[in-house]
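J.: My questions will all concern the structure given below.
The values are calculated or read from the model by the stated rules, or taken from the named source; none is laboratory data. Computed from a predicted model, the values in this text were never measured in an experiment. Every residue, glycine as well, gets a Cβ built from its backbone with ideal geometry; the counts of neighbours run over all protein chains shown. Accessible surface areas use protein heavy atoms only, side chains included; no ligands, DNA or RNA. Shrake-Rupley method; radii C 1.70, N 1.55, O 1.52, S 1.80 Å.
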Amino acid sequence: MNTPAEIARTYLVVGAAKTRMPFLKMFMLAVFAGMFIAFGALGSTIASCGVQPAALGRLLSAAIFPIGLMMVVVAGAELFTGNCLILVPVLARRTSVLSMLYNWLVVYIGNFIGGVLLAFLAAYSHIFSLYGDALAQATVSTAVAKLSLSFGDAFVRGILCNVMVCVAVWVAFAAKDIAGKISALYLPVLLFVLCGFEHCVANMYFVPAGMFAALFHGIDAPVLTWGSFLLSNLVPVTLGNIVGGAAIVG
């Protein structure tokens, strides 16, 4: 395995290269990353739906969700939360702050499109009809719970989440084969889901999925609006993710 110092040297090259990627490639890889995380989120909801006791359902959800980040890392997609580590090559003067912010903006928008797209496709194809519409109700309940968090709670949970995600991405660089990479990233991601931390890209699926599930299945959830999603959840969670990923781990 690579030592921590070797991981740092590797990421200086990898992180700097991310900021020099052509726009279309960067954007398309970001859309894929948003969809990959959304696939993991969808699978985690399906696995945990209706499971009792609730702690067991939460563990099942946490066990499935890391599949999304595995696809991102192994397939080479561009994930905003992981790219908070680009601060490392910025501090080493391998790239500029402006280039980092450009990458963050393009990747964030691409992730958003990917997450919302999969949420719509899942609803449109009636995947949420599983278990006699119980999956639709669980999807709506998850979205409502996320919008019920206070700004401060969402912000701090965002910090804690991206500490785990960026550590997962970082330790994956320690491995020299695919099995090692998957093993390394799996446990930190499982831990953040188990603890109920908040991931902005995952929420780009979870909350729109709740909106679409409510619409397609006639579930009353007036709190689920795009405005409340952006202001009550996405903004504080994104800010927290930046602090956790860039300011703390980076």
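J.: How long are the three semi-axes of the equivalent ellipsoid for the stretch 161-243, computed from the Cα gyration tensor as the root of 5 times each eigenvalue, in whole Å, largest first?
T.: Largest first, the stretch 161-243 gives 31, 15, 9 Å.
J.: While we're looking at this one, here's another question. Have a look at 14, 167, 207 and tell me which one the Gaussian network model of the chain (Cα, springs below 10 Å) gives the largest fluctuation.
T.: Among 14, 167, 207, the largest GNM mean-square fluctuation belongs to 14.
J.: Now for a separate question. Take the Cβ-Cβ distance between residue 124 and residue 14 as r, set R0 to 35 Å, and report the resulting FRET efficiency rounded to the nearest 0.05.
T.: 0.45
J.: Still on this structure, I have one more. Give the Debye-formula value of log10 I(q)/I(0) at each listed q (0.13, 0.15, 0.22 Å⁻¹), with one equal scatterer per alpha carbon of the stretch 96-184, two decimals each.
T.: Reported log10 I(q)/I(0), two decimals: -0.78, -0.99, -1.13.
J.: Also, I was wondering about something else. Select from 82, 218, 43 the residue whose mean-square fluctuation is largest in a Gaussian network model of the chain (Cα-Cα springs shorter than 10 Å).
T.: Comparing 82, 218, 43 in the GNM, the peak value goes to 218.
J.: If you take the Cα atoms of the stretch 1-105, find Rg, then find the Kirkwood Rh from the mean of 1/r over all pairs, what is Rg/Rh?
T.: So for the stretch 1-105, dividing Rg by the Kirkwood Rh gives 1.10.
J.: Residue 134 to residue 75: extension gain in nm, 0.36 nm per residue of separation minus the Cα-Cα distance?
T.: 18.0 nm
J.: Next question, about the same structure. Report the full-extension gain for the segment residue 194 to residue 2: residue separation times 0.36 nm, less the Cα-Cα distance, to one decimal in nm.
T.: Result: 66.3 nm gained on full extension.
J.: May I ask for the net charge around residue 142, where only other residues with Cβ less than 13 Å from the Cβ of residue 142 are counted and Lys, Arg are +1 while Asp, Glu are -1?
T.: Cβ neighbours under 13 Å give a net charge of +1.
J.: How about the stretch 146-191: which trypsin sites (Lys or Arg not before Pro) there lie in a loop by DSSP and see at most 12 other Cβ atoms within 10 Å?
T.: 176
J.: What per residue convex hull volume, in Å³, do the alpha-carbon atoms of the chain yield?
T.: Looking at the chain, the number lands at 113 Å³ per residue.
J.: Tell me the per residue accessible area of the chain using a 1.4 Å probe; a whole number in Å² is fine.
T.: Counting only protein heavy atoms, the per-residue value for the chain is 43 Å².
J.: Out of 21, 164, 211, any idea which swings most in a Gaussian network model of the chain, alpha carbons joined below 10 Å?
T.: Judging by the Gaussian network model, the answer is 21.
J.: Moving on. How big, in percent, is the set of alpha carbon pairs in the stretch 87-145 lying more than 13 Å apart?
T.: Value for the stretch 87-145 (Cα pairs over 13 Å): 72 percent.
J.: Next question. Would you report the distance distribution of C-alpha pairs in the stretch 110-250 as whole percents per 5 angstrom bin, up to the bin with the largest distance?
T.: P(r) over the stretch 110-250, rounded to whole percents: 2, 11, 18, 19, 18, 15, 10, 6, 2, 0.
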